[in-house]
Structures are given as C-alpha cells and as structure tokens.
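> Following this message is one structure expressed as structure tokens.
The values are calculated or read from the model by the stated rules, or taken from the named source; none is laboratory data. None of these values were measured; they are calculated from a predicted model. All Cβ positions, even for glycine, are placed from backbone atoms using ideal geometry, and neighbour counts span all protein chains on display. These area figures cover heavy atoms from the full protein model, side chains too; ligands, DNA and RNA do not enter into them. Shrake-Rupley method; radii C 1.70, N 1.55, O 1.52, S 1.80 Å.
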Amino acid sequence: MSEPGKTKFQIDLRRHLREQEVNDNLTHLICEIAEASKYIINSIRTGDLGVAGTSNLYGEEQLALDVLADRILRKRLDHSRVVANMMSEEMDEIIPVSPDCEGKYSVAFDPLDGSSLVDVNLAVGTIVSIFEGCDLLQQGRNQVAALYVLYGPRTTLVYSVGKGVHEFGMNNLMEFTLLQENICIQPKGNLYSPGGQRNKYTPGTEAFVNHLEERGVKLRYSGGFVPDINQVLLKGKGIFFYPHLKDLPNGKLRLLFELNPMAFLVEQAGGAASTGRQRILDLQPNEIHGRAPVFIGCKEDVALAEEFIAKFESETPAEEKKTSKKKFAG
Ligand code: F6P
Ligand code: MN
C-alpha cells in the first residue's frame, strides 16, 4: 500500500513472487512461463490461421497455433534449468528434462486451451500445473503452484503458490503488472457456465440446472475453459461445469492439464471443485490424459450440485472409472 501523496509504483510478477517468499527456482520457472506467453500471444495475434501442414504466403510451413504454443512452452521449460519432467496436452508421454529432481519442478500444461475458438476470435488461454520434484502423476492437492494466462481483449495472468490468488495484466511493454491481489469467490453465485450438450445430461445435473434457472441464475458460457473460469474468479461468483454425460461418463476436461490447476486456483480463492461426487484435488491420476467431470466455483453451488447428483444418481456408474480415449479439440 503506498502512502497518500507518494508515487504508486507498479508491482511486476517477479517482485510479487519475491514478496510472497517464493524461492528462486520457482520464481524463475513462473517468470519463464510468463515470458513464453508473450510469444504465444504474438502468434495468436499475428499468425496466419494456418492448419498444420499448409504453407503461408512465402511458402513457409505453417503450424497450427496449438502446436506452435506447445513448442514455445516446451523450449522455454527445457532451457529453464529448473524443470525435471514436463507433459503437455499435445504430447503422448511425459518428457524428461533433467534426471536430477532436487530443487526442480515438474510441469503439466495445456499450451492453448480452446484453440478452436481462435478462428472465431474468442478468448483462449494457457493453463499450467506445477509440482515439486519429478512426479507428475500425483493428487492435485500436492501442486505447489498453478497459473493461467488468458488471451482475451487484454492479456492477463492469474497465479497462486498456495498463498491466495493474484491477477496481473500485460502492459504496453509486455510486462505483467499486478492488477488484483487475494481474489475471493463468494459462497453463492448468480451465473452459470454449463459445458456439454444438455440433452446428454444425467438426471442429477438436469435437476441442478432446473434449480439454478428457477433461482434466476444467468447463463454465461464462452466455450473456453480459461475465460469461463476467469469470469467466476474475477466476478467472485458463479459455477462452471462440464458434467458426466450419458455417453461420456468422465466428461471432457482433462485432470492433469485443465482441472487440477483450475481447482487449485479456485480453492485458493475460497471456492470449491468437485466431480459431483468427490473433490477434484483428491483424485489420484492413473494415466496422463485421464478426464473427469467437473463442477467448480462458489462453494455452496458446488455442494448443491453434489446434493442433486447424490439424490438422483445414487449408483455411481461403473463406466465412470474407465477413461475415454475419444479425441477432442483444444
Ligand atoms: O479443452 C477443451 C475446451 O475447449 C474447453 O476450453 C471448454 O471449456 C470446452 O472444451 C468446451 O467444450 P464444449 O464445446 O463441448 O462445450
Ligand atoms: Mn484444453
């Protein structure tokens, strides 16, 4: 807090991390990810909307934006000297970076979530989950940090190292400066973002949605997970869900690249994240690309979703434990 009459200096990301007493390696890692996002936003803004395998006006081979974003982040993490293992939504396997785990971090990331929205000029984002040491297949509650970068009309970065949730905006010099500290989600909200086709909802989710609509809760769904979660966090109210569907018992979103980091951020802001039956951050991942249904946002709204599911769907479908191998974009 600056004193009245004194110049108020902007706080940049590195300084904020230092003030939060984040160690040098983790500070370096988060700042490297922030650096990579500058190249990603540049590709989104200026890159031809080429499809992988085609060539641009100059005959140069094009990469689809999600592939490009993946390469930008991978290269940055590879050269950071603080990463042990990494994996991305775009990769089939964990990529070992350094055999030495001491003082290093392992990173799971979705380089460009919602990439199919770029050609209709809607907001997209990068999502990152960070664990200490080498192990990436552990419960989300062990994350030491999570963040996302949202490429919308403005570029913002939201992070937590387990000490609250903080928002930064990219300024005209492409530096991230503090916009808001200790973001809080109210216990109950008045907006909802429902993913998936409604005619495929199971009875519990259908009853929950009917309840929300009777309560006068407003529909606010962009189709991009990062802007939809950002809306809940920054408005401080609301619930996002991509539930289990009749033909997709595990929903669509991936635990390691999408749900864990967002659940960490939302819990840090005082909200909750559940599959409808259990806490997301308690799920033990058994494979890299596993999916789970999700209800995430205001605590009371998430608890209510769980109640409706428990009431209407007393039996857990046997298929819920199996993992869908179906491929989705983004
Ligand atoms: O990563 C997948 C994604 O694009 C998310 O950003 C988004 O929340 C979801 O899919 C949207 O899926 P649907 O189009 O089925 O609602
Ligand atoms: Mn995604």
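> Determine the pairs where a residue that is under 21 Å from residue 160 (Cβ atoms) and in a loop (DSSP other than H, G, I, E, B), located within segment 115-129, has a partner that is of a type outside the set (S, T, N, Q) and within 10 Å of ligand 1 (Cβ to nearest atom) with Cβ atoms under 8 Å apart, the partner being 6 or more residues away or on another chain.
Listed by first residue and then by second, the contacts come to 123/114; 123/117; 123/224; 123/226; 123/227.
> Next question. Looking at 315, 319 in this structure, which one is modelled with pLDDT under 90, open to solvent by 40 Å² or more (accessible area, probe 1.4 Å), more than 19 Å from residue 265 (Cβ to Cβ) and in contact with a Pro (Cβ under 6 Å, 6 or more places away or on another chain)?
319
> May I pose another question? Would you tally the residues in segment 244-255 being more than 10 Å from ligand 1 (Cβ to nearest atom), part of a loop (DSSP other than H, G, I, E, B) and out of contact with any helix residue (DSSP H, G or I) (no Cβ under 7 Å at 6 or more places or on another chain)?
Residues flagged as more than 10 Å from ligand 1 (Cβ to nearest atom), part of a loop (DSSP other than H, G, I, E, B) and out of contact with any helix residue (DSSP H, G or I) (no Cβ under 7 Å at 6 or more places or on another chain) within segment 244-255 amount to 0.
> Next question. In segment 243-270, what residues are over 13 Å from the mean Cα position of the chain (by Cα), closer than 16 Å to residue 226 by Cβ and away from ligand 2 (no atom under 11 Å from the Cβ)?
Listed by number, the list holds a single entry, 269.
> Taking segment 210-243 as the region of interest, how many residues are away from ligand 1 (no atom under 13 Å from the Cβ), open to solvent by less than 10 Å² (accessible area, probe 1.4 Å) and either in a loop (DSSP other than H, G, I, E, B) or not assigned by TED's automatic domain parsing to the domain that holds residue 304 (or both)?
The number of residues fulfilling the criteria is 2.
> What pairs can you find where one residue is in segment 84-103 and away from ligand 2 (no atom under 16 Å from the Cβ), the other is among the hydroxyl-bearing types (Ser, Thr, Tyr), and their Cβ atoms are less than 6 Å apart, with a gap of 6+ or different chains?
Within 6 Å, the pairs are 84/98; 84/106; 85/106.
> Spot the failing condition for residue 258; the list is (1) of a type in the set (D, E, K, R); (2) under 25 Å from residue 85 (Cβ atoms); (3) within 15 Å of ligand 1 (Cβ to nearest atom); (4) open to solvent by 10 Å² or more (accessible area, probe 1.4 Å), and only one is missed.
(4)
> Considering each residue of segment 197-209, count those that are surrounded by fewer than 18 Cβ atoms within 10 Å (Cβ to Cβ) and under 19 Å from residue 225 (Cβ atoms), and give that number.
The qualifying residues number 3.
> Residue under question is residue 163, and the condition is that it be closer than 21 Å to residue 231 by Cβ, open to solvent by 10 Å² or more (accessible area, probe 1.4 Å), charged (D, E, K, R) and not in a strand (DSSP E or B); does it hold?
no
> Going by the conditions given, is residue 112 within 16 Å of ligand 1 (Cβ to nearest atom) and at pLDDT below 95?
On the way: within 16 Å of ligand 1 (Cβ to nearest atom): yes; at pLDDT below 95: no.
So residue 112 fails the test.
> Can you name the residue in segment 64-83 that is more than 16 Å from ligand 2 (Cβ to nearest atom) and not in a helix (DSSP H, G or I) and is also surrounded by the fewest Cβ atoms within 10 Å (Cβ to Cβ) among such residues?
79
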